[in-house]
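Read through the structure below, which is laid out as structure tokens, and then see the notes.
Every number in this text was worked out from the coordinates using simple rules, so none of it is lab data. Just so it is clear, the structure is predicted and the values come from calculations on it, not from any experiment. Because the Cβ atoms are built from the backbone with ideal geometry, glycine has one as well, and the counts that use them run over all protein chains shown.
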Amino acid sequence: MLELAAVSVSIAGVPVLREVSLKVPAGGRVALIGRNGAGKTTTLRALMGLVSASAGRVMIDGEDETRLPPHHRPRHGIGYAPEDRRLFGSFTVEDNMLLPAQVLRLPADETRTRLARVYSLLPELKDLSQRKAAGLSGGQGKMVALGRALMVGTRAVLLDEPFQGLAPALALRYADALRRLRAALPDVAILITESNPELLRPLVEQTYVIERGEIAPA
Ligand SMILES: Nc1ncnc2c1ncn2[C@@H]1O[C@H](COP(=O)(O)OP(=O)(O)OP(=O)(O)O)[C@@H](O)[C@H]1O
Ligand SMILES: [Mg+2]
């Protein structure tokens with residue numbers, strides 16, 4: 001359902017992605033592994049339309065989205081949990097999760113249904129719902145970012161290094177949450193980035209490795 005076809009991206013004149021091709025099938029779970037600075041975040045941003053491709057094509061559900069602005073993506077049901085989370089500290093956890101639904105102008109009953117689904121998948125968020133985001137630990141913030149991505153991501157979620165900086169116990173909880181997500185919503189595709197390939201191996205069906213802006217041969 002998501003595809004980059006030979007996408008190149010330059011930032012400030014420096015080539016950051018070189019002819020990156022990858023596919024995430026509907027309901028598929030795919031890992032993108034790479035070291036610091038390899039181009040993982042830029043790959044996700046290219047899929048979201050947040051950086052523009054200088055060459056190649058970004059295809060979503062078979063439609064060429066290369067030249068369309070980023071606000072088109074959520075309409076396809078694609079949620080994004082950026083590396084730095086970007087929660088609003090003065091908002092509660094619940095309000096942070098409701099924000100994308102408001103931006104999308106989802107009907108109130110659809111919003112409630114999605115929120116209930118997120119709480120049943122990630123019960124820890126129910127307990128945190130009225131806390132201000134500013135007071136959360138890093139691990140809790142990652143859970144909220146996953147919940148927020150799921151409010152929009154009815155078909156796919158892009159998760160940028162969600163395990164980075166998590167204590168081992170929290171990393172296990174996060175991996176459990178991904179397994180529950182898989183069991184409860186088998187049609188939602190997941191593209192997840194990481195630097196350590198071992199961590200994601202049990203969670204995904206396919207792994208791409210990116211090195212210096214290029215997908216390494218399998
Ligand atoms: N806004 C920017 N301005 C300048 N260079 C950038 C910018 N964004 C990314 N780059 C460069 O592009 C390359 C790829 O960056 P990217 O953030 O995609 O890598 P990454 O794999 O996500 O790394 P990390 O593991 O640190 O998150 C790096 O060399 C980075 O320095
Ligand atoms: Mg990154």
**Asked** For the Cα atoms of the chain, what angle does the longest principal axis make with the long axis of helix 138-152, in degrees from 0 to 90, nearest 10?
**Response** 80
**Message:** For Lys40, give me every one of the aspartates and glutamates with a C-alpha distance below 12 angstrom, ignoring sequence neighbours fewer than eight places off in its own chain.
**Reply:** Glu83, Asp160, Glu161, Glu194, Glu211, Glu214
**Message:** Can you tell me the orientation of helix 108-121 relative to the chain, as the angle in degrees between its alpha-carbon axis and the longest Cα principal axis, to the nearest 10?
**Reply:** 90
**Fill in**
Burial-style ranking of 202-209, 7-14, average other-beta-carbon count within 10 Å with highest first, yields 202-209, 7-14
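Please report Met151, Met59, Met97 as a ranked list, fewest other C-beta atoms within 10 angstrom at the top and most at the bottom.
Values: Met151 23, Met59 17, Met97 29.
Listed from fewest to most nearby Cβ atoms, that is Met59, Met151, Met97.
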**Message:** Kirkwood Rh over alpha-carbon pairs of the range 86-161, then Stokes-Einstein at 25 °C and 0.890 mPa s: what D in µm² s⁻¹, rounded to an integer?
**Reply:** 200
**Message:** Per q in 0.09, 0.13 Å⁻¹, report the Debye log10 I(q)/I(0) for the range 1-142, using one uniform scatterer on each alpha carbon and no solvent.
**Reply:** -0.34, -0.70
**Message:** Assuming 0.36 nm per residue, please report the length gained on full extension of the stretch Ala184 to Ala134 beyond their Cα-Cα distance.
**Reply:** 15.0 nm
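Ignoring everything except DSSP H segments at least 4 long, calculate the 222 nm mean residue ellipticity for the chain; use -39,500 (n - 2.57) per segment, divide by total residues, nearest 500. Intermediate results must be reported in sequence, preceding the final value.
Values: 7 runs with 76 residues, N = 218.
Computed ellipticity for the chain at 222 nm equals -10500 deg cm²/dmol.
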**Request:** Taking a cut-off of 18 Å between Cα atoms, list the lysines near Lys126, but don't count ones fewer than 8 places away on the same chain.
**Result:** Lys142
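Between Ala26 and Asp176, 0.36 nm times their residue separation minus their Cα-Cα distance comes to what? Could the numbers behind the result be given before it?
Numbers: separation 150, 0.36 × 150 = 54.00 nm, distance 2.11 nm.
Length difference between fully extended and current span is 51.9 nm.
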